[in-house]
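To start, I am sharing the structure in question, which I have written as structure tokens.
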Amino acid sequence: MTGWHLRAAQPTDAGAVAAILSGFIDGTDWMPRIHTRAEDLAHAGDLIDRGWVTVAEADGAILGFLAREGAFVHALYVAETAQGAGVGLALLEHAKSAQVPLELWTFEANRGARRFYERAGFELAEQGDGSTNDEGLPDRRYVWQGPSPRDAAHPSDNERPRA
């Protein structure tokens with residue numbers, strides 16, 4: 001998948017953002033549905049109204065989104081049809097370019113997300129038993145402290161030093 005770009009979310013994106021979130025919940029057997037789809041829509045609208053959401057878009061379709069408040073990543077979701085195309089990584093790298101450090105929580109059961117964040121340089125900082133999240137599921141807090149000195153000394157082709 002090519003031809004997509006990142007931009008700040010607009011209020012008219014709330015439906016698409018909520019649909020991606022709801023799609024994940026509905027398609028994940030271990031994830032309980034504790035909010036209605038209407039509540040998902042209201043939540044998406046609130047995140048967007050606060051100015052926290054960046055979306056990946058192609059041909060007018062929202063492929064994924066990241067909601068970030070300062071150093072805290074509230075949400076990162078990619079539409080099922082766009083997974084594996086680099087959308088999530090682009091959203092995460094965009095957040096990294098705007099804020100150091102970053103932190104987030106993900107569910108213990110979400111092995112794919114855990115692998116994704118670990119490959120992106122996040123380190124496990126804390127494990128929870130589910131008593132502090134609405135879903136009641138064990139979770140993990142990850143922290144990214146910024147590029148390592150090695151990364152700064154040897155930037156990849158995508159991270160060339162600026163003159």
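The values are calculated or read from the model by the stated rules, or taken from the named source; none is laboratory data. Quick caveat, the model's predicted, so the values are computed rather than measured. Every residue, glycine as well, gets a Cβ built from its backbone with ideal geometry; the counts of neighbours run over all protein chains shown. Only protein heavy atoms, including side chains, enter the accessible area calculation; ligands, DNA and RNA are left aside. Shrake-Rupley method; radii C 1.70, N 1.55, O 1.52, S 1.80 Å.
Fully extended, how many nm does the chain gain between L89 and D26 (0.36 nm per residue separation, minus their Cα-Cα distance)? Don't jump to the answer; show the numbers that get you there.
Details: separation 63, 0.36 × 63 = 22.68 nm, distance 2.29 nm.
Here the segment from L89 to D26 would lengthen by 20.4 nm.
Under a point spin-label approximation (7 Å from Cα along Cα-to-Cβ), what is the E123-T12 distance to one decimal in nm?
If labels sit at E123 and T12, their model points lie 4.5 nm apart.
Still on this structure, please answer the following. Take the Cα of A109, step 7 Å along the line toward its Cβ, and report every residue of the range 10-46 whose backbone nitrogen sits under 16 Å from that point.
In the range 10-46, the label zone of A109 (backbone N under 16 Å from the point 7 Å along Cα→Cβ) covers 22-35.
Then there's this: Normalise the Debye intensity by I(0) for the range 61-131, one equal point scatterer per Cα, no solvent, then take log10 at q = 0.19, 0.28 Å⁻¹ and round to two decimals.
Rounded to two decimals, the profile gives -0.80, -1.54.
For the range 83-97, what does the Karplus curve 6.51 cos²θ - 1.76 cosθ + 1.60, with θ = phi - 60°, yield as ³J(HN,Hα) per residue in whole Hz, taken in order and with x for Gly and Pro?
5, x, 9, x, 5, x, 5, 4, 4, 5, 5, 4, 5, 4, 6
Determine the calculated [θ] at 222 nm for the chain from helices alone, applying -39500 (n - 2.57) to every DSSP H run no shorter than 4 residues and normalising by the residue count; nearest 500 deg cm²/dmol.
Working: 5 runs with 53 residues, N = 163.
Taken over the chain, the calculation gives -9500 deg cm²/dmol.
Between G45, G130, G60, where does the largest GNM mean-square fluctuation fall for the chain, given springs only between Cα atoms within less than 10 Å?
G60
Also: Work out how far the C-alpha atoms of the range 64-104 reach from end to end along every principal axis, then list the three figures in whole Å, largest first.
So the extents along the principal axes, rounded to whole Å, are 29, 16, 11.
If you don't mind, there's one more thing I want to ask. Can you send over the solvent-accessible area of T81, 1.4 Å probe, protein chains only, in Å² to the nearest 10?
120 Å²
Probe of 1.4 angstrom, ligands and nucleic acids ignored: what's the accessible area per residue over the chain, in square angstrom?
Details: 9540 Å² over 163 residues.
About 59 Å² of surface per residue is accessible.
Determine Rg/Rh for the chain; Rg is computed over alpha-carbon atoms and Rh is the Kirkwood hydrodynamic estimate from the same atoms. Write out the running numbers ahead of the final one.
Details: Rg = 16.0 Å, Rh = 16.6 Å.
Here Rg/Rh amounts to 0.96.
Need one value: the accessible area of D26 in square angstrom, 1.4 angstrom probe, rounded to the nearest 10.
Estimated to the nearest 10 Å², D26 gives 80 Å².
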